[in-house]
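Report on the following structure.
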Amino acid sequence: MSYITGPDVVKYACTCGLLKPIPQLYFCKHCLQIRCRFCVCHEVDSIFCGKCSENIPSAEARVKKNRCANCFICPSCQQELSTRIASKGPANPDDAKSPIKKTYYLSCYFCRWSSRDVGIPDQPSATGGWPERENVHINRLQEVLDTYKQIMHSEKQQKESDKRKQRGKFVSYTDKTGVTASALRKRIGLPDIPHAMLKKPKPPEPAVAKAEVDELPESIFTEPIKLMEVTTIEQRLMQPECQPLTVDKLFPVHKQLSIKQSLRCRTCEHNVSKPEYNPNSVKFKIQLLAYCYIPEVRFVTVEPLRAGQTVELIIKFTNPTQYQTTITILDLDLDEQAQYVEEQKLIDLTQNLEQALSLQEKQPMSLPSLPYSSGSQPSSLLSLPRLPSVIVKPRKIFTETNCDVAIPESSFILPPRDDAAEYDDSSEVHNFEDDPKLIKWRKSNKAFVKLAVTPRADLKLGDEVVCGFTMQHIYTNVLPPAVENKQPQKYDHKVRVFLTLGKVVGSE
Amino acid sequence: MARNSFKIFPGALVCEESKLRGDITVGAGTIIHPSASIIAEAGPIIIGENCLIEEQAKIIHRLPFDQQNKDNTPVLIIGSHNVFEVDCTIEAPKIGNNNVFESKCFVGNKVTVSNGCTIGAGCRITDEQILKENISIFGSKCQIRESIDKPVPQILQMETLMKILPNYHHIRKPNKKH
């Protein structure tokens, strides 16, 4: 989404240490922390086809290779194909009253490709029965696939049998006497058959590398190339199984399915974003976007930046919530953040140790408790539902600032958002005792704030000036359903905000 | 510019609000929407039968700079069954039959359009060329492909317009006989 702020001038520091503009951030109401797409758990909520808007269960989607059975896309331009009707005269030419026979063909409204172009016969029914093309490599692929399935299966069984042995819940007679099945077999003189589970699957024939390739046909050098008949790279990669060289071999491609994704905070396992199940709906059941909860900072103007000179910076604060908030601008203090990160690490380590001790003699440590996985990209493994999620620990912010911000002594109040304020012409009266040095102007839930910034003296011409500060605002939590006689809880929440002010200009 | 003179054949539907300039001949069955503009600047324009010229479409007969100031006045002949969709700008010096100019496309004055071509929405064709028959141009990169058949004529749509347009707009009276 391109946001009205345009280039990312103002960035907020996420708990995971990344800097992002506010529309890309989420705010977990339960842990009161900022989250971004990098540090939440991505889960597949539902799988659907974007054309026929049908939900498809994940098992079925897997069988159909994540493609819709009924919808096709154009092999020429990758847009969706539509079914068109062609009437083909009456079914019985002698009888004038007999109904007109209808046939159907696929056509692309974008590039005018049609299934008739490649000689696919028209179908008598609208829903299809479109001929599928055989994949020439299907046998080989199936062979490889089967082998991997077997390997997976045997590994799973091996793991299970290991588990059973360790637990020792079901003590069999042979276990007690120390006589294994194989030893018993030997004793009675039977040949020793390896256990069915331990049987190694037969590997498929390995692929053979070849250095010699067929010579190019003569015609390729002598005849002029007809660009109209050759397919483009995109068109070939659309059909990886046959990769057609000429346009007359382009066949309609099944449409790839889309997913609806829900995002889960890794620390408290609450959803920060959950879409509605209905594929037609673009709404969300839960959508905790940061710009609905955290005051937005926008860059208004700054005087020409010169190294070592104090200039005036004007920024705008907007309160998006229904509650009044107080904003205090504090020092950026990246050291404090680093310290906090270190503390969290220590806490985590001790926890892990305890966990590991309590888990002793059980199965090897599961993925979540491995310390190194914290920073790794969320792998597909983690997106499996109900897996204990990897907790993303806060990390250090590595962005350097090269501009000092004079921290104002006073804080200021932002009134709640009022949707009707825009249409209300009557002059609003605020009884806030504003510091005139700090507040330049205010309107409804917005305030324009003056800050004095000084780019460092050692900056050269054309250097990008980055400044930052910590914004402390009061977040009013309404999450626990308002119990009687209980005020909504208020928290001080701190966000580190970074502004890219522009480039250093020369003196006068 | 030549004086305005319009020849409209019976069966054509030309809305009075449409902007016509110069010497224009409109064939039978052709529909010209109220805010279409047809400007015969360099010479007469002859529009064939059963063409559909939609809102905001601009057909301009304008010569390239290097061909101006010649003695003979060229005539822009537009064939039959052409569709000029909303907000297209066409300056081609010659147009055949059964072409579709989709919305917001632009065809420059050096491009000769033959028969059965489709110029996709938003495509800009400016280089000097002759478009082969049954070509369709589509996409932001103006990809070209050749179809085996000409685009399907919009008969249903034209029939509806023939009925509906006279209910809401003043129509220029046909002034030519067969």
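The values are calculated or read from the model by the stated rules, or taken from the named source; none is laboratory data. Here the structure is a predicted model, which means the values were calculated and not measured. Glycine gets a Cβ as well: all are built from the backbone with ideal geometry, and neighbour counts include every protein chain shown. Please note that ligands, DNA and RNA were not included when accessible areas were found on the heavy atoms of the full protein model with its side chains. Shrake-Rupley method; radii C 1.70, N 1.55, O 1.52, S 1.80 Å.
Tabulated data for the structure shown
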quantity	calculated
Added length on full extension, which subtracts the Cα-Cα distance from 0.36 nm per residue, A:ARG236 to A:TYR423	61.7 nm
Residues of segment A:213-232 buried by at least 20 Å² on assembly (accessible area, 1.4 Å probe, chain alone as reference)	A:MET228
Net +/- balance of residues flanking B:SER5 in space, Cβ distance below 12 Å, scoring K and R +1, D and E -1	+3
Top positive-direction residue, dipole computed over segment A:1-160 with Cβ charges, set A:PRO21, A:VAL10, A:ILE47	A:VAL10
Charge dipole (chain B, unit charges on Cβ, about Cα centre) - positive-most of B:VAL75, B:GLN157, B:PHE138	B:VAL75
Cα-projected label distance for B:ASP127 with A:GLN158, points at 7 Å along beta-carbon direction, nm	6.0
Potential extension, A:ALA126-A:GLU54 segment - 0.36 nm per residue separation minus Cα distance	24.2 nm
Estimated inter-spin distance, A:ASP8 and A:THR103, nm [label 7 Å along Cα→Cβ]	5.5
Efficiency of FRET between A:ASN352 and A:SER82 - r from beta-carbon atoms, R0 51 angstrom, step 0.05	0.35
Rounded to the nearest 20 debye, dipole of segment B:5-168 from Cβ charges on Lys, Arg, Asp, Glu	160
Gyration tensor (alpha-carbon) shape descriptor, chain B, a/c threshold 1.5	oblate
Accessible surface, 1.4 Å probe, highest first, among residues B:ARG124, A:ARG395, A:ARG264	B:ARG124, A:ARG395, A:ARG264
Inter-label distance for A:THR326 and A:PHE221, nm, one decimal - labels placed 7 Å from Cα along Cα-to-Cβ	8.6
Ranked order, A:ASP8, A:ASP117 - accessible area, probe 1.4 Å, largest first	A:ASP8, A:ASP117
Extension gain, A:MET228 back to A:ASN280 (0.36 nm per residue minus Cα-Cα distance, nm)	14.9 nm
Relative contact order (%) - chain B, alpha-carbon pairs under 8 angstrom, separation at least six	18
Accessible area of segment B:5-168 belonging to carbon and sulfur atoms, whole % at 1.4 Å probe	51
With DNA, RNA and ligands ignored, accessible area of A:MET238 (1.4 Å probe; Å², nearest 10)	40
Total accessible surface hidden between A and B, rounded to 100 Å², 1.4 Å probe	1100
